[in-house]
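Worksheet for the structure shown next.
The values are calculated or read from the model by the stated rules, or taken from the named source; none is laboratory data. Computed from a predicted structure; not experimentally measured. Neighbour counts are summed over all protein chains in view; Cβ atoms, including those assigned to glycine, are modelled from backbone coordinates with ideal geometry. Just so you know, the surface numbers come from the protein's heavy atoms only, side chains and all, with ligands and any DNA or RNA stripped out. Shrake-Rupley method; radii C 1.70, N 1.55, O 1.52, S 1.80 Å.
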Amino acid sequence: MTFEDVHARRDQALSKRVDEVCKEFTIDKSKLEELTYHFIDSMKIGLEPQGKGHATSKNMPMIPSFVTAKPNGTETGLFLAADLGGTNFRICSVELHGDHSFTMQQLKSSIPEELLEEEGVTSHELFSYLARRTAVFLKKHHDDLLKDGESTPLKLGFTFSFPVEQKGLDSGTLIRWTKGFNIQDTVGKDVVQLYQKELDDQGLSSVKVVALTNDTVGTFLSHCYNSGDSVSSLSGEISEPVIGCIFGTGTNGCYLEKIDNIKKLSEEVRDKLREEGKTHMIINTEWGSFDNELKVLPVTKYDIDIDQKYSPNPGYHLFEKRISGMFMGEILRNVLVQLHKERLLFCQYKTYEQLPHRLRTPFELNSEVLSHIEIDDSTDFRETELCLNQSLRLPTTPHERQEIQRIVRAISRRSAFLSAVPIAAILIKTGALHKRFHGEVEIGCDGSVVEYYPGFRSMLRDALALSPLGPEGERKVHIKIAKDGSGVGAALCALVA
Ligand code: GLC
């Protein structure tokens, strides 16, 4: 056999194996149906009283947010908002003008690596860092308010985008960290108290943390503030915001649930809310934890390895680990390493140890790299070659790159298809599409994946049409990018506190 023959055979074997990998990542109509109905059941279980739907179990947490109304854009006032949800901390002041518009000043800081990565870091170290950054911001932009604040407290809404067991609008204990944080001593503590104590210690006791919220709730509220129930000028149809969601480093969503259905709230609390004329409450689903029991979710070898070997919270947030930006690159890395092990890719490296260090490093492959490969139509996949060289120091042949692109597209398509499941499920459970004749709905979304990943939104729509919503349902869903949830949204939470 000639040298060329050997290569041609290897190329063929690779393509065949990639066919199999792509198949493993495919989600068809019947799987979408099964997932959607299981999602509806999981929502119901999560709303049950503690025990059955208890947040620390494997169930989807379904956390009552204690926010009971949607803003309509006429709200006014000046509020502070703080946001911890990923590797950045943001503190801002938001002035709501009452006409859907606002002005904002902000300070963004990246969380020091030692707080994220080192063992033995304490809550005190994290929250005192947040309080010190808050002090820097206020001294720079609002020194005047700090003085006035002695008589009128400065209300702060705290967006904390991790699962918390919320006890009221201004109190919640951390259930578990997600997205790479791992400060064990925070689990079980009230994050509002931790932050307030450090603010007080910084001499900022005029700042009062009055509301704790999740980024999805903030996204929903900010979308409502910006758009209200919008009426199409052409058709006169009303489209109503019904879901707030994030597809970024993590994924999650919230929606309005009837208080009568939120059985996990005590009878007393529900009665009190009813007396106040409240009918609905926003539920933070924490859908990243949908089907932690793996009853219906698709499972590949790569998903198992990532969860068990490389993630800080094995057994939890398994839905998120198949969807979000933090994991898409890691899935690809695991597939590539496996195909190398099978001697189908990167055959110039004889052993695993010889592979470029970055390809052996968990979470080194960023989803941004996948977004370039996804749409690479350059000759011989030059763009992909450059990306893989730059990000992983990994040389590739044109055929390898072609096959890598197929794998990337299978991973992103599965992610987008799974993302359609909670949207379809919530719309069905709440009957949102049938509330008005010809009524339409808006989904306020934020996050790098939904905003920037090429084709993500249109693949999500394809899946909505294939889901039990069908093409007629899909046509009534408007996917909108909603910005500034953690600023405007948190300010709106502080306002209702
Ligand atoms: C993770 C968090 C959740 C957050 C989501 C998006 O899933 O657990 O609280 O909303 O990421 O940032």
Inset, instruction - Please go through segment 448-486 and pick out each residue that is modelled with pLDDT under 95 and open to solvent by less than 40 Å² (accessible area, probe 1.4 Å). - result: A482, G485, S486
Legend entry - Lone qualifier among Q202, Q196 - being more than 26 Å from D307 (Cα to Cα), modelled with pLDDT of 95 or more and more than 20 Å from the chain's Cα centre (by Cα): Q196
Inset, instruction - Read through the list (1) within 14 Å of the ligand (Cβ to nearest atom); (2) more than 25 Å from S30 (Cβ to Cβ), then give the number of the only condition that I259 fails. - result: (1)
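Could you tell me which of the residues G77, G73, G85 is of a type in the set (G, A, S), within 20 Å of I175 (Cα to Cα) and open to solvent by less than 60 Å² (accessible area, probe 1.4 Å)? Let's see the steps before the verdict.
On the way: G77 fails: within 20 Å of I175 (Cα to Cα); G73 fails: within 20 Å of I175 (Cα to Cα).
Result of the check over G77, G73, G85: G85.
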Legend entry - Residue match in segment 159-168 (condition: out of contact with any Asp or Glu (no Cβ under 8 Å at 6 or more places or on another chain), within 16 Å of the ligand (Cβ to nearest atom), hydroxyl-bearing (S, T, Y) and open to solvent by less than 20 Å² (accessible area, probe 1.4 Å)): no
Inset, instruction - Kindly list the number of the only condition in (1) within 20 Å of the chain's Cα centre (by Cα); (2) in the same structural domain as V296 (by the TED database); (3) in a helix (DSSP H, G or I) that fails for V488. - result: (2)
Inset, instruction - Give just the number: which of (1) over 26 Å from L154 (Cβ atoms); (2) open to solvent by 20 Å² or more (accessible area, probe 1.4 Å); (3) among the hydrophobic types (A, V, I, L, M, F, W, C) does L47 not satisfy? - result: (2)
Legend entry - Leading residue by the ranking (nearest to the ligand (Cβ to nearest atom)) among those in segment 178-190 that are modelled with pLDDT of 90 or more and assigned to a loop (DSSP other than H, G, I, E, B): V187
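Across segment 87-102, which residue is farthest from the ligand (Cβ to nearest atom) among those that are under 20 Å from V209 (Cα atoms) and not basic (K, R)?
Taking segment 87-102 and keeping what is under 20 Å from V209 (Cα atoms), we get 88-96.
From what is left, the residues that are not basic (K, R) are 88-89, 91-96.
On the way: N88: 12, F89: 14, I91: 18, C92: 17, S93: 22, V94: 20, E95: 25, L96: 23 Å.
Applying the filter and picking the extreme gives E95.
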Inset, instruction - Just give me the residues in segment 172-230 being open to solvent by less than 20 Å² (accessible area, probe 1.4 Å), free of Cβ contacts under 8 Å to residues at least 40 places away in the same chain and more than 23 Å from F137 (Cβ to Cβ), in sequence order. - result: L174
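So if I check each of S371, S415, which one is within 16 Å of the ligand (Cβ to nearest atom), among the polar types (S, T, N, Q), in a helix (DSSP H, G or I) and touching a residue at least 60 places away in the same chain (Cβ under 8 Å)? Steps first, answer last, please.
Details: S371 fails: within 16 Å of the ligand (Cβ to nearest atom).
The match here is S415.
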Inset, instruction - State which residue pairs qualify: first residue closer than 16 Å to T361 by Cα and inside segment 292-318, second residue among the acidic types (D, E) in any location, beta carbons under 7 Å apart, and separation of 6 or more residues or different chains. - result: I306/E330; Y310/E330
